[in-house]
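Undergrad: The following block contains the structure, expressed as structure tokens.
The values are calculated or read from the model by the stated rules, or taken from the named source; none is laboratory data. Because the structure is a prediction, the values reported are computed rather than measured. We place every Cβ from the backbone using ideal geometry, glycine too, and count neighbours over all the protein chains shown. Remember, those area values only see protein heavy atoms, side chains included, never the ligands or the DNA or RNA. Shrake-Rupley method; radii C 1.70, N 1.55, O 1.52, S 1.80 Å.
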Amino acid sequence: MSNFCREIITLQLGHYSNFVGTHWWNLQDASLSYDPDSSPGEIQSDVLFREGQTLGGHVTHTPRLIAIDLKGSLRTLRQEGSLYDAREDASAVTWEGSFMMHEETPAEKNPFLEDLDRLDRGETLAEAALYSQPQRSAATVSVDVNSQLARLQKSYRLEGSVRVWSDFLRLHLHPRSISVIHQYNHDGEAHRLEAFGQGEAVLQGPVLEQLEDKLHFFVEECDYLQGFQVLCDLANGFAGLGSKVTEMLQDSYGGRGILTWGLAPVSHPDSTPMKELYHMLNCTLGTLSMASNSSFFCPLTLRGGLGRRPSAPAAFPYLNYDPSLWYHSSSVLALALDALTLPYRLQKDSVPMWQLADSLAVSGRKVVAAYGAVPFPMMQDSSLPDALSACTEALPWRPLSACPEPGDRRLYGQWATLKGYEGQKLTSSLAPGTQPPTPLHSLRNGEDVLESYIRSFYPTSPLALQLVSAPSKLTPPFPRIFTQSLGAQGFLQSQPPPRGSPAPAVSSAPIMASLQSSTALGSWLADMHRGASTLDICRVAPSFLSQGPEMADYKEALEELRLLARCYRDDSMIHSSSEESDDY
């Protein structure tokens, strides 16, 4: 790891955000280098990870992370973790008085967690393809997980066993990382954190004290803190908690970047029309509040819309994922987030959080939209011009914010990232005198190729680019959601495997992602405003405001949302109707 970096503290607020965050941290852990003598890669891991020591003196690397969830959301995971285990041997404790023992059956672990436990005990995973491994210590926890599980290429099918995010967490967390809100339950119908006002009211007393203590711990050990990335549930009461948390960060660390990602699943278990109404209202208030308190706010979802009647979930041509499974949908968003967050995590030419935000959130337009090609469709042993020339009719990415592609509408700013072209050519290798089949094939470097391609769709819009060869490494237990068209490195194969033969396990994936500020967001925000403002909340959902906000504050928030939507209006546009002109 390098000696200088601009550190980032990550906050994950809510169960779905922790699903996405767990996949995202698993991806980071798979690419993390623990060898101090190795040459630094393209990505600077110690931006995210902190170095520490166990009581036995073993060096550890854990995420600089604060994860908040509800009672009953951890299952087999201990809140304080096990890496720095200081529990005393019970046999050394004596007590002469009477006592009563209560025994509780522990939650059953899935095969992946059982294998991790074996590695923690210093055992070797016995498989024919696996070489013998040395005994494992806390210093080599993630090293052995990477080497043994990756070489084993064991296929874990966890779709039926993943109930909470810790069921597929592959790395150790710091004892100060996890915070549990005990006054609300994760499971069951009673005491659920369902409304925005409930979430706002949570951040006080012990919950606030714990958060401040954890923040102080991680901030104090940073030398060059560049900011915070916040992953927050958008459709439940955590939207209100996230609004208060980002407000606190802005008040206490206003000079740092605060990049907030609002997460929403495609569907919720046991949903009802009333719950869907709550989800829409939470998304509306959460978007406005967190955007106001952040450097920028980006909703992330595969849902077809954040209203009560969404269209079909986002479809990707080379993915077979189940939108109803959080384990699946969160893995797709985590892959996209791995590319979207790259600009401020690079070893060279890194862009600070504040600079990334300033390039997109111009003139108060602090809501941005994400798009992604997961995976980026590139043939094995081909070139970037070849791949892009096959996508001349439309850009290869799909909406990741439930906001349609701007099309011929105006872009105020765009940041595009291509990640994972390792082993492929960025330019064409034409023989001298050969006529280039397209203008892209005549360009001399990858940045020019990608810029020329995107400008063919948006000729005059501001554009920033970054290309990183290192792919997203997919190690167990990442779900097997890729089609048989892809090879092991995630590139398209010229010949698919014979019918009936197993597809190769995809071990890495190229990703193209984009963050945009455009007039399309104005229409998206106007639709959000229209859905909430036409609702008689006192009649159809009076309990939503029972714990706040007050009706006057609610109406003021809707007016602020309407004005925010107008910030995205292109004054050169001619509105097609007076209704559109009034609302947007």
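Undergrad: What accessible surface, in Å², does a 1.4 Å probe find on residue 308, ignoring ligands, DNA and RNA and rounding to the nearest 10?
TA: Rounded to the nearest 10, that gives 100 Å².
Undergrad: Okay, moving on. How far, in nm, would the chain grow between residue 251 and residue 483 when pulled straight, counting 0.36 nm per residue and subtracting the alpha carbon separation?
TA: 78.8 nm
Undergrad: Rank 329, 356, 286 by how far each Cα sits towards the positive end of the charge dipole of the range 274-366 (+1 on Lys, Arg Cβ; -1 on Asp, Glu Cβ) and give me just the farthest.
TA: 286
Undergrad: Could you pull out the pairs from 214/555; 244/275; 71/419 whose alpha carbons sit more than 31 Å apart here?
TA: 214/555; 71/419
Undergrad: While we're on this one: Can you tell me the length gained on complete extension of the stretch residue 311 to residue 550, counting 0.36 nm per residue apart and subtracting the Cα distance?
TA: Difference between extended and current length: 82.9 nm.
Undergrad: Also, quick follow-up: Write down the accessible area per residue of the range 394-466 in Å², having rolled a 1.4 Å probe over the full set of protein chains.
TA: For the range 394-466, the solvent-accessible area averages 49 Å² per residue.
Undergrad: Moving on to the next point. Once you have the Cα-Cα distance between residue 76 and residue 118, take 0.36 nm times their residue separation minus that, and quote the gain in nm to one decimal.
TA: Answer, rounded to one decimal: 13.6 nm.
Undergrad: Calculate the dipole size of the range 386-469 relative to its Cα centre from +1 charges on Lys and Arg beta carbons and -1 charges on Asp and Glu beta carbons; express the result in debye to the nearest 20.
TA: Taking the Cα centre of the range 386-469 as origin, the dipole is about 120 debye.
Undergrad: Over the range 349-413, with every protein chain in place, what whole percent of the accessible area is carbon and sulfur at 1.4 Å, could you tell me?
TA: The C+S portion of the solvent-accessible surface of the range 349-413 is 49 percent.
Undergrad: Summarise the accessible area of the range 431-512 (1.4 Å probe, protein heavy atoms) by the percent that is carbon and sulfur.
TA: Its accessible area is 53 percent carbon and sulfur atoms.
Undergrad: Quick check: with the 1.4 Å probe, what order do 170, 75, 157 take by accessible area, largest first?
TA: 157, 75, 170
Undergrad: What does the charge add up to near residue 398, with Lys and Arg as +1, Asp and Glu as -1, over the other residues with Cβ less than 14 Å from its Cβ?
TA: 0
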